[in-house]
1. Could you give the dipole magnitude of the range B:90-308 about its Cα centre, charging the beta-carbon of Lys and Arg +1 and that of Asp and Glu -1, in debye to the nearest 20?
2. Compute the Rg to Rh ratio over the range A:20-73 from the alpha carbon atoms, using the Kirkwood formula for Rh, and round to two decimal places.
3. Let me check I have the definition right: for the range B:32-76, take the eigenvalues of the Cα gyration tensor, multiply each by 5, take square roots. What are those semi-axes in whole Å, largest first?
4. Treat each spin label as a single point 7 Å out from the Cα along the C-beta direction, and report the B:Val63 to A:Ala280 distance in nm.
5. Under a no-solvent Debye model with one identical scatterer per Cα of the protein assembly as shown, what's log10 I(q)/I(0) at q = 0.07, 0.09, 0.10 Å⁻¹?
6. Given +1 on the Cβ of Lys and Arg, -1 on the Cβ of Asp and Glu, and no further charges, what dipole in debye does the range B:216-285 carry about its Cα centre, rounded to the nearest 20?
7. Is the shape of the range A:66-190 best called rounded, prolate or oblate, per the rule: a/c under 1.5 gives rounded, else a/b larger than b/c gives prolate, else oblate, with a ≥ b ≥ c the square roots of the Cα gyration tensor eigenvalues?
8. Specify whether the C-alpha gyration tensor of chain A places it in the rounded, prolate or oblate class, a ≥ b ≥ c being the square roots of the eigenvalues: rounded for a/c under 1.5, otherwise prolate if a/b is larger than b/c and oblate if not.
Amino acid sequence: MSLLSVHDLELGFETPAGHVSAVNGISYTVEPGEIVAIVGESGSGKTVAAQAVLGLIPQPPGEITGGRVEFDGEDLLGFSEQQMRTIRGRRISMVFQEPMTSLNPVLSIGRQMTEAMRLHLGLTREAAEQRAVELLGLVGIADPGRRLRQYPHHLSGGMRQRVMIAIAIACEPVLIIADEPTTALDVTIQAQILALMQDLTRRLGVALVIITHNLGVVARYADRVNVMYAGRIVEQGRADSVYRRPGHPYTIGLLNSVPRLDRPRDVPIEPIPGSPPDPARLPPGCAFAPRCLHAVERCRSEVPPSISFEGGHTARCWQTAVTRPETAP
Amino acid sequence: MSKYLLRRLLGATVVMWAVATLVFFMLRAVPGDPFLAMVFDTGDPAAADEMRRAFGLDDPVYVQYFKYLLQVIQGNLGTSIYGSRVPVSTIIAESFPRTISLTVLAFTIAVTIAIPAGLISALYKYSALDHGVTFVAFLGLSMPDFWLAILLIITFAAGLGWLPAIGYAPLSSGFGTWLSHLIMPAIAIGTPFAAIIARMVRSSMLEVLKTEYIQVARSKGLMRWYILLQHAFPNALIPVITVMGIALALLMAGAVVVENVFAIKGLGRVLIQGILNRDYPVVQGAILVVSGIFVLSNLVVDVLYAAIDPRIRYE
């Protein structure tokens with residue numbers, strides 16, 4: 001049994017312009033201790049899909065219109081707010097995108113680290129603080145005792161994200177969802193934070209869902225990858241397989257638009273032409289068809305089914321026979 | 001911090017000096033002579049000159065000014081030019097507790113109503129409850145205090161006979177008696193500020209609830225009320241404190257008007273009588289005290305900022 005399995009999740013938002021669907025029936029699984037990436041550009045629905053797992057979508061205006069989110073065999077979508085609170089921070093925790101704004105500016109680091117431990121693990125203040133010191137050491141923050149008494153504005157962005165990671169692992173969850181955890185950080189810090197998350201989750205046996213727009217991150221850190229486009233998963237599979245032989249033109253486009261050191265310097269980066277569709281007005285067929293160089297008539301009228309390749313690798317594309325490379329692009 | 005306080009107090013002194021100077025010259029620019037008015041019956045200008053000399057008001061204005069400043073620095077506010085020439089400090093000492101009682105009570109009422117009202121409004125945004133609070137807030141905001149005061153007197157004093165219509169009782173005569181005299185004027189001047197603060201709490205709270213750290217707090221599985229009170233409220237309070245500081249100062253100004261409706265011999269009555277009588281020392285002294293309160297409440301607000309928000313530190 002998978003640790004987390006999302007089935008046909010559909011959700012949308014009520015807006016003054018009417019119902020806008022943000023996620024159109026996505027399914028993916030996460031096994032215990034595994035690192036799974038969800039890749040997509042802004043507006044592809046990857047963040048709301050992840051927030052829905054923890055019940056963090058404000059309803060209204062958000063609305064989950066279909067699907068199941070099974071965690072450890074139970075459907076989280078059927079949980080009450082009170083039941084969800086026993087999951088959040090305890091079994092599943094989350095690391096957010098903006099370390100500069102994800103810590104409360106008026107509360108001390110110690111307070112923000114210990115409150116969940118005291119609530120979920122029933123620790124005393126002293127015990128929680130002692131554990132907080134250990135956790136800060138674990139995420140590579142020097143002089144943890146002093147840091148506990150400090151406030152977020154005393155810390156740099158990278159340090160704050162380390163604190164967020166320490167908070168995320170504090171109650172020994174089995175799953176961490178990280179929403180673009182390094183997007184807001186300097187490039188040099190990005191690699192450190194990702195390596196730290198990989199190391200910690202491997203060491204502690206925690207599963208990690210990492211949401212990103214950066215395929216480079218996927219290649220280095222993820223076991224499996226789900227590529228999202230316009231609220232659908234268009235390709236999924238083992239990271240090496242997707243990276244070496246992508247099946248969907250969108251994934252190929254993403255790979256070609258990432259600068260790479262292993263290619264000659266004069267090969268230009270190829271951006272994907274056009275821009276993502278308006279979620280309120282999705283085309284009837286494949287949502288990527290208007291931007292796809294290989295689109296045929298059928299792509300514009302019928303949503304492509306999931307085509308299976310070797311090793312559980314799948315892609316939703318009518319044209320994989322034409323587009324999928326024989327070897328690495 | 002102590003260095004900062006010292007600097008602020010120095011600044012406050014400069015403000016007070018400016019106020020004293022402005023009031024001093026403005027009073028003398030207003031036409032009318034108190035002494036001629038006093039001797040109006042007898043029509044003896046020599047008697048008026050006599051009195052003017054006794055108060056040093058026959059000196060050139062700049063001499064009077066420096067004499068006045070010298071006096072104030074020594075803590076002497078002079079004496080009233082009327083009747084038995086009571087020292088201004090005595091007049092203020094008598095009237096000030098009334099005004100400050102009224103102001104503090106009005107402020108307390110305003111804040112205790114406004115903060116829960118604003119919080120409820122924010123938590124149940126766009127609900128009937130929120131609309132109700134908003135409606136009452138705008139009603140309170142649009143009613144002039146003296147009018148509300150008269151309505152209260154008609155209802156609770158003249159109509160129901162629950163409360164005394166006018167007058168003041170000191171706290172020493174018992175809390176109940178004190179409160180029964182002050183509750184109506186306090187509500188009259190406090191209501192508009194309750195409305196302003198409630199609206200401020202609402203918008204500030206809504207702003208904070210949208211922030212990422214609240215989302216983070218939810219993702220930790222914390223209780224809703226805990227997130228609201230411990231995570232959101234202290235952040236929402238920062239802009240509200242600014243408004244509360246201004247409100248405290250303006251409530252004193254409101255007290256000045258409403259004291260007259262309720263015939264409370266507070267600073268406001270003293271001030272108005274002083275102005276009508278051209279009683280220079282009394283007006284100067286009263287305004288100096290009021291401006292001192294303004295400056296002080298601003299200072300308190302700034303110190304409170306630092307207490308709530310760790311990012312604010314005064315070196």
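Rule-based calculations on the coordinates, nothing more; no lab input. This one's a predicted model, so the numbers in the text were calculated from it and none came from an experiment. Cβ: placed from backbone, ideal geometry, glycine included. Neighbour counts: every protein chain shown.
1. 400
2. Result: Rg/Rh = 0.95.
3. Here the semi-axes work out to 25, 10, 8 Å.
4. The answer from the label model is 8.0 nm.
5. Log10 I(q)/I(0), no solvent term: -0.65, -0.86, -0.97.
6. Approximately 360 debye in magnitude.
7. It is oblate, given that a/c is not under 1.5 and a/b is not larger than b/c.
8. prolate
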